[in-house]
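What follows draws every value from the coordinates through simple rules; no lab data is involved. The shown structure was predicted, so the numbers you read here are calculated from the model rather than taken from an experiment. Glycine gets a Cβ as well: all are built from the backbone with ideal geometry, and neighbour counts include every protein chain shown.
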Amino acid sequence: MQEGKYISIDKSIIAEGCAYDFAIYCSIRENTQIKQVKQKGVLLENNDLLFINKVKNLYVDRSEHSSYEQFYEAHFGKKPSVGNPITFTQKIDTMYKNASNALNELFNNPEKLSNYKESKKVVNELVDSVLDEDFAIKSLMQIATHDYYTHTHSINVSIYALSLGNFLGFKASELAELGEAALLHDLGKSKIDSKIINKNGSLTKDEFDTMKKHPSFGVSLGLKLGIKNKKVLEGIKYHHEKMDGSGYPNGLYNEEIPIYAKIVGMCDIFDALTSERSYKKAMTSFEALKLMKTEMSKHIDLKLLNQMILMFK
């Protein structure tokens, strides 16, 4: 969607049996997605009106706004007030809020199928955003919250992973897989005591051993929810593996680690470093990337990290 491509219109002009010299659009899930309600020149039927009454805003394409103005003036004797174009920033801001609510519900009840289905919608909206011609990683970073909560952390990781996947030229279907793996990478933490998850400071050995089970818990939950895609499940299970074989749960080495898991793991680290915690301040993007390059070179795929650095430039 082009920046400001759609402009809001007065819903009162809509009537059954009418056809207009402009196509009519509406916003789905507030401003996160635009859908065409009726094509130009096609009569509106009762079902169309029933649908339109349920949506908050109607829009026309900017290229057809003059046709809407002419129609409005002919019927009401005056020009319509100027509508507000939907900006990309507004779109992703609403998307992030919707995503946060959906992920919060999922982590509170991770075995409820309807919650998982909502998370799939979140993935689709995130993919649409990174494929938008107005997409810029800077825009997404500006709306992302940098207070560390498990559900918002998962959204941030998905944003960074999808941004990198898009930068690397992944196809839309691959982005959907990567986005789902990233969004659900910490789902297994819902099965771990919140006292361990939210503990300030270092974990004891026993607590860390418990924490290390979350990728496997996440895969088990994914299977219960009906996830069959091997790449998605691998991304969830292996996102804590390290290039030198010192990671968990399987101690995979170098190219044994699936690429989705490498990307998710790297974005997981980046968001953790750039998020505010009760016991540490957030790093800047530059500081985080520098630390990852200099102090984690044995853990992270440096080819992917270099691409991530180029993406942020």
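Assorted remarks:
- Three-way shape label, the stretch 196-313, alpha-carbon gyration tensor, a/c 1.5: oblate
- Set K91/K120; K213/K242; K231/K313; K117/K228 screened for pairs whose C-alpha atoms are more than 20 Å apart: K231/K313
- Modelled this way, with points 7 Å down the Cα-to-C-beta line, the labels at K298 and E45 are 6.8 nm from one another.
- Among L178, L49, L187: highest mean-square fluctuation, GNM of the chain, C-alpha pairs under 10 Å: L49
- Residue with peak Gaussian network fluctuation, the chain [Cα springs, cutoff 10 Å], from G247, G41, G218: G41
- Helix axis angle, 150-167 relative to the chain longest principal axis, alpha carbon, degrees: 80 degrees
- For the chain, the longest principal axis of the alpha carbon atoms and the long axis of helix 113-131 meet at an angle near 80°.
- The stretch 88-312: C-alpha gyration tensor shape, a/c 1.5 cut-off, then a/b vs b/c: rounded
- Just checking the listed ones, K195, K231, K112: in the Gaussian network model of the chain with Cα springs under 10 Å, the one fluctuating most is K195.
- Folded to 0 to 90 degrees: helix 259-273 orientation relative to the chain principal axis, Cα: 90 degrees
- Computed about the Cα centre, the dipole magnitude for the stretch 88-312 is approximately 400 debye when only Lys and Arg (+1) and Asp and Glu (-1) carry charge, each at its Cβ.
- Sites K35 and L223 - FRET efficiency at Förster radius 41 Å, r taken between beta-carbons, to 0.05: 0.80
- Inter-site label distance for S202 and D132 at 7 Å from Cα along Cβ, in nm: 4.4 nm
- The residue among I263, Q307, S275 whose Cα reaches farthest toward the positive pole of the charge dipole of the stretch 178-313, with charges on the beta-carbon of Lys, Arg, Asp and Glu, is S275.
- Cα-projected label distance for R277 with K195, points at 7 Å along beta-carbon direction, nm: 1.9 nm
- Look at the Cα gyration tensor of the stretch 6-76: its axes a ≥ b ≥ c give a/c of at least 1.5 with a/b at or below b/c, and that counts as oblate.
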